[in-house]
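**Student:** I have a structure I would like to understand better, so I am pasting it below and will then ask my questions one at a time.
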Amino acid sequence: LSGLALLVITVWLARNKIPVIFTAIPMVLMIGVTAWAMTINLSMFYTQQNWLLFTIGVMIAVLQTWMILEGLVVLMNLWKRQQPA
């Protein structure tokens, strides 16, 4: 959740034209570490045939990916608007 919260803060800072580097770097690290941990947990749940936790984990991973992609789309659109023509 902290990585996704940092994503929301980064988008807000970018919309208000405030430097985002101070939240972007921790965001990438937090999302990367949590995604890695989720991948390890999903593989463990799959090998243990714990289908309930596996299904919930996959749903969380899909929602996390969706939110990251939406944030990247917003950031890319904001970046394109700021580029000189």
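The values are calculated or read from the model by the stated rules, or taken from the named source; none is laboratory data. What you are looking at is a predicted structure, and each value in this text was computed from that prediction instead of being measured. Cβ sites come from the backbone with ideal geometry, for glycine too, and all protein chains shown count toward neighbours. The accessibility values were calculated without ligands, DNA or RNA, using every heavy atom of the protein model including side chains. Shrake-Rupley method; radii C 1.70, N 1.55, O 1.52, S 1.80 Å.
**Student:** ARG15 accessible area, nearest 10 Å², 1.4 Å probe?
**Tutor:** 150 Å²
**Student:** Relative contact order for the chain using alpha-carbon pairs under 8 Å, separation at least 6, rounded to a whole percent?
**Tutor:** Computed value for the chain: 34 percent relative contact order.
**Student:** Same structure, new question: Accessible area of TRP66, 1.4 Å probe, to the nearest 10 Å²?
**Tutor:** 150 Å²
**Student:** What does the convex hull of the Cα atoms come to per residue for the chain, in Å³?
**Tutor:** 81 Å³
**Student:** Top mean-square fluctuation among LEU63, LEU72, LEU52, Gaussian network model of the chain, C-alpha springs under 10 Å?
**Tutor:** Comparing LEU63, LEU72, LEU52 in the GNM, the peak value goes to LEU52.
**Student:** Mind ranking 36-44, 23-31 by how tightly packed they are, going by the mean number of other C-beta atoms within 10 angstrom, highest first?
**Tutor:** 23-31, 36-44
**Student:** Quick one: pull the percent of accessible area on the chain belonging to carbon and sulfur, 1.4 Å probe, ligands and nucleic acids left out.
**Tutor:** After summing per-atom areas, the C and S share lands at 75 percent.
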